[in-house]
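Engineer: Below you'll find the structure I mean.
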Amino acid sequence: MTKTHDIAAANADRILVLDGAMGTMIQQEKPDEAAYRGARFKNHPSDVGGNNELLTLTQPDMIRKIHEDFLHAGADILCTNTFGANAISQADYDMTDLVVEMNTESVRLAREAADAVATPDRPRWVAGGIGPTNQTASISPDVNDPGYRAVTFDDLARAYGEAARALIEAGADLLLIETIFDTLNAKAALFAIDSLSDEGLTIPPLMISGTITDRSGRTLTGQTPEAFWVSMSHARPYSIGLNCALGAGEMRQHVRTLSEVADTRISAYPNAGLPNEMGGYDETPEETAEHLAEWASSGLVNIVGGCCGTTPDHIRAIADAVAGKAPRKIPQKVRHMRLSGLEMFETQGADAKEGAA
């Protein structure tokens, strides 16, 4: 039995737990510029502080320990330290030549940690994380030139493809395209991954996770959760879900909406509440877990975890809160037409026949 089948079987029996916030845990370690550089990059010409993905190469023990802490807290799925390990994001640090190594080593570290605690009865999985980059294909960065774009679809596809190839070849069990604020960026990622399939690579299951940026209930580029699902559904992902931007209290209605329209598994990993005036997160593990326990009891989710501000204590509380609760039942595939713009357009029954006429 392959690991792909293992995770599907395990997820059919129970709600799986994703890990928490890598960035939050790195911040708690307070690495300085010298720690980011390590000996290898001591003379690198650009500042590298804040390049969390570089720590995989310069401080591997730190990253491995964070993975281990989340595993011991009850995580079933580890996300690699690769949120910004792509050529577009790494250009800020003049480190685009390290993208393949960052992704490869990140999978290796996560795999070592996961395999050390995995058992036949309780396997663990490694999700290769693919962040949204720091550019958007749909919005101009210049208010005086609405048609201008700082990045093209092809630029994004190349960057995503390079990162995804490294993650796949290093042995990631899943690919997690996450924190999607621009659906066009995500489509570039899906196009790149599909192109890798055309080259003969075996593509692991895809987890796709968008972000609702505020209480408007839309992504940054204006899509509702329903339209976001329709835009992504052609990829037949292992899961669709939401993460970041909102705490669980604000995210619930959008998770419910996705649960009502998506014919695949639902993932949700909210922040530890909304950020305070200092940019920190104050929601306690018990508060976050109480929300996610209710989601589980209401049959909304298949995979849960934590985003910004969540620590191993949050993941432990979440894992305990959803233990024994049944995962959401995956509905039958929809057999009528759905189209996506900023909102979902749907035809069904007599309306569909009238439209065809």
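All of the numbers you see were taken from the coordinates with simple rules; none came from a lab. If you're wondering where the values come from, they're calculated on a predicted model, not measured in any experiment. Ideal geometry is used to build each Cβ from the backbone, glycine not excepted, and the neighbour counts take in all protein chains shown.
Engineer: How far apart, in nm, are the 7 Å Cα→Cβ label points at ARG40 and HIS72?
Structural biologist: Rounded to a tenth, the inter-label distance reads 2.6 nm.
Engineer: Two-decimal Rg/Rh of region 118-197 from alpha-carbon positions, Kirkwood Rh? Don't jump to the answer; show the numbers that get you there.
Structural biologist: Numbers: Rg = 15.5 Å, Rh = 13.9 Å.
Ratio of gyration radius to Kirkwood radius: 1.12.
Engineer: Please work out the ratio of the alpha-carbon Rg of region 199-249 to 2.2 N^0.38 Å and round it to two decimals. Could the numbers behind the result be given before it?
Structural biologist: Numbers: Rg = 12.9 Å, N = 51, 2.2 N^0.38 = 9.8 Å.
Against the compact-globule rule of thumb, the ratio is 1.32.
Engineer: Each label point is 7 Å from the Cα along the Cα-to-Cβ direction; what then is the distance between the points at ASP47 and ASP145, in nm?
Structural biologist: 2.6 nm
Engineer: So if I place +1 on the C-beta of Lys and Arg and -1 on the C-beta of Asp and Glu, and nothing else carries charge, what would the dipole magnitude of the chain be about its Cα centre? I want it in debye, nearest 20. Walk me through the numbers on the way to the answer.
Structural biologist: Working: 30 positive and 50 negative charges, 197 e Å.
Dipole of the chain, to the nearest 20 debye: 940 debye.
Engineer: Consider a paramagnetic label point 7 Å from the Cα of ASP92 along Cα→Cβ; state which residues of region 28-52 have an amide N under 14 Å from it.
Structural biologist: The answer is 47-52, whose backbone nitrogens lie closer than 14 Å to the label point.
Engineer: Quick one: if the Förster radius is 45 Å, what FRET efficiency do MET337 and LYS65 give, using the C-beta to C-beta distance and rounding to 0.05?
Structural biologist: 0.35
Engineer: Follow-up question, since we're still on this one. Running Debye on the chain with equal point scatterers at the Cα sites and no solvent, what base-10 log of I(q)/I(0) appears at q = 0.07, 0.08, 0.09 Å⁻¹?
Structural biologist: The Debye formula, applied to the Cα set alone, gives -0.28, -0.37, -0.47.
Engineer: Please arrange VAL100, VAL126 by how many other C-beta atoms lie within 10 Å of their C-beta, fewest to most.
Structural biologist: Numbers: VAL100 17, VAL126 29.
Fewest-to-most ranking of VAL100, VAL126: VAL100, VAL126.
Engineer: Another question, if that's okay. Ignoring solvent entirely, what values of log10 I(q)/I(0) come out of the Debye formula for region 206-357 at 0.13 Å⁻¹ when each Cα is a single scatterer?
Structural biologist: -0.59
Engineer: Relative to 2.2 N^0.38 Å, what does the C-alpha radius of gyration of region 2-83 come to as a ratio? Two decimals please.
Structural biologist: That ratio works out to 1.35.
Engineer: By how many nm would the segment from GLU199 to GLU29 grow when fully extended, if each residue of separation counts as 0.36 nm and the alpha-carbon distance is taken off?
Structural biologist: 57.1 nm
Engineer: Using Stokes-Einstein with the Kirkwood hydrodynamic radius over Cα pairs, what translational diffusion coefficient do you get for region 1-154 at 25 °C and a viscosity of 0.890 mPa s, in µm²/s rounded to a whole number?
Structural biologist: The estimated diffusion coefficient comes to 143 µm²/s.
Engineer: To continue, here is another question. Which of LYS65, LYS325 comes first, and how do the rest follow, when ranked by fewest Cβ neighbours within 10 Å?
Structural biologist: Working: LYS65 15, LYS325 18.
So the ranking, lowest neighbour count to highest, is LYS65, LYS325.
Engineer: In addition: Over region 119-266, what portion of Cα pair distances is larger than 22 Å, expressed as a whole percent?
Structural biologist: The calculated P(r) of region 119-266 puts 42 percent of pairs beyond 22 Å.
Engineer: Let me ask you something else. Answer with one residue from ILE208, HIS67, SER297: the one whose Cα lies farthest towards the positive end of the charge dipole of the chain, charges on Cβ with Lys, Arg +1 and Asp, Glu -1.
Structural biologist: Among ILE208, HIS67, SER297, the one farthest towards the positive end of the dipole of the chain is SER297.
Engineer: On a full-extension model of 0.36 nm per residue, what is the gain between SER138 and GLU112, subtracting their alpha-carbon distance, rounded to one decimal in nm?
Structural biologist: 5.5 nm
Engineer: In nm, to one decimal, how far is the modelled label at ILE330 from the one at ASP13, with both set 7 Å along Cα→Cβ?
Structural biologist: Between ILE330 and ASP13, the simple spin-label model gives 1.7 nm.
Engineer: Cut-off is 10 Å between beta-carbons; in what order do HIS336, HIS72, HIS254 appear when sorted fewest neighbours first?
Structural biologist: The order, fewest Cβ neighbours first, is HIS336, HIS72, HIS254.
Engineer: Are there any GluC sites (Glu not before Pro) in region 160-208 that are in a DSSP loop and have at most 14 other Cβ atoms within 10 Å? List them by number.
Structural biologist: Values: sites: GLU162, GLU169, GLU178, GLU199; in loops: GLU199.
For GluC sites (Glu not before Pro) across region 160-208 that sit outside H, G, I, E and B with at most 14 neighbouring Cβ atoms in 10 Å, the list reads GLU199.
Engineer: At 0.36 nm per residue, and after removing the present C-alpha to C-alpha distance, how many nm does the segment from THR213 to SER297 gain when stretched out fully? Each step should come with its number before you reach the end.
Structural biologist: Details: separation 84, 0.36 × 84 = 30.24 nm, distance 2.58 nm.
Residue separation times 0.36 nm, minus the Cα-Cα distance, leaves 27.7 nm.
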